[in-house]
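Q: First the structure, which I've put down as structure tokens, then a few questions once you've had a look.
The values are calculated or read from the model by the stated rules, or taken from the named source; none is laboratory data. Everything quoted here is computed from the prediction, not taken from an experiment. Cβ placement follows ideal geometry from the backbone for every residue including glycine, while neighbour counts extend to all protein chains displayed. Protein only, heavy atoms only, side chains kept; ligands, DNA and RNA dropped before computing areas. Shrake-Rupley method; radii C 1.70, N 1.55, O 1.52, S 1.80 Å.
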Amino acid sequence: MDGSEALLPESAVLRKLTRAEEVSQRLADDIAEGKLAPGMSIDETEIASRYGVSRTPVREAIRDLAAMGLVETRPHRSAVVTRPSTERLRDMFEVMAELEATCASNAAVRMRPDERNAMRAIHEQMAQVVRDSSLDRYKLINEQFHAGIYAGSHNAYLAEITTTTRKRLSPFRRAQFLSPGRLAQSYQEHDQILAAIFRADARGAADAMRKHILVVEDTYERMVGMGGE
């Protein structure tokens, strides 16, 4: 992935989700926010009727959720919700924080000038989105921001496993943005990460990224009442 790929046209960033992706995201969000509890069955017919789609995209969504570890599929029976335990989620966030910190550290010393320019442009887009209070756009450009840092690390395997971990945690990360003021706070955290990367401060970039991910975890836990568990 080169710098030109890091910054996608706005039309690509804001592409319309497929029906399967939309169903998957909505179900994942419900699981992350506790609206669908562990052990609950997911009835394909009921979900298809609720979302006004055929059963085909629902089946595709369930396969995606199973890959993320959010549901368990059973032969000839309905899938069931298997939301990760509090301990499991904390372990996952801890690993993600270290992976992303390593990406940021590498990017600080390896990111090319064209990639830095692309990251500046992404960050400027995010500033406008925060001013507009556009939650959906922020979520999308936020993914692009982090993907740009993974690419800038110039370690394909690191980028691969970080992306995989990030996908597993995606519904729990998205939930944070429902917290008042979180968009602006997230943008400021990104600003600190980029400042460290742009001054080639590997340790500062890693520390800023690690703090950012752990704030995401803390925000999510406070939202769903996990803090006392």
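Q: Summing +1 for each Lys or Arg and -1 for each Asp or Glu, what net charge is found among the other residues whose Cβ lies under 15 Å from the Cβ of Pro75? Let's see the in-between values first.
A: On the way: positive: Arg59, Arg63, Arg74, Arg77; negative: Glu44, Glu72.
The answer is +2.
Q: Please state the relative contact order of the range 56-108 as a whole percent: Cα pairs under 8 Å, 6+ residues apart? Walk me through the intermediate numbers first.
A: Values: 24 pairs, mean separation 10.2, N = 53.
Here the relative contact order equals 19 percent.
Q: Please give the solvent-accessible surface of Lys211 in Å², to the nearest 10, using a probe radius of 1.4 Å with every protein chain present.
A: Its accessible surface works out to 130 Å², give or take rounding.
Q: Then there is this: What do you reckon, how do Val109, Val80 stack up by accessible area (1.4 Å probe), largest on top? Display every interim value, and only then the final one.
A: Numbers: Val109 100, Val80 20 Å².
Solvent-accessible surface, decreasing: Val109, Val80.
Q: In addition: Report, to the nearest 10°, how far helix 202-224 tilts away from the longest principal axis of the Cα atoms in the chain, using its own Cα long axis and a range of 0 to 90°.
A: 30
Q: On a 0 to 90 degree scale, rounded to 10, what angle separates helix 135-152 from the longest Cα axis of the chain?
A: Around 60 degrees separate the two axes.
Q: log₁₀ I(q)/I(0) of the range 101-227 at q = 0.10 Å⁻¹, via Debye over equal Cα point scatterers, no solvent, to two decimals?
A: Listed by q, the Debye log ratios stand at -0.29.
Q: Please report the projected area of the chain's Cα convex hull averaged over all directions, in nm². Write out the running numbers ahead of the final one.
A: On the way: hull surface 50.8 nm².
In nm², the orientation-averaged hull projection of the chain is 12.7.
Q: If I ignore ligands, DNA and RNA and count only protein heavy atoms, how much of Ser78 is accessible to a 1.4 Å probe, in Å² to the nearest 10?
A: Approximately 50 Å² of Ser78 is accessible to the 1.4 Å probe.
Q: Also: At q = 0.20, 0.23, 0.27 Å⁻¹, what log₁₀ I(q)/I(0) does a Debye calculation on the Cα points of the range 87-153 give, no solvent, two decimals?
A: Listed by q, the Debye log ratios stand at -0.86, -0.96, -1.05.
Q: Quick one: accessible surface of Ile161, probe radius 1.4 Å, all protein chains present, in square angstrom to the nearest 10.
A: 50
Q: Using a 10 Å cut-off on Cβ atoms, rank the peptides 27-40, 92-105 from the highest mean neighbour count down.
A: Those peptides, ordered most packed to least, come out 92-105, 27-40.
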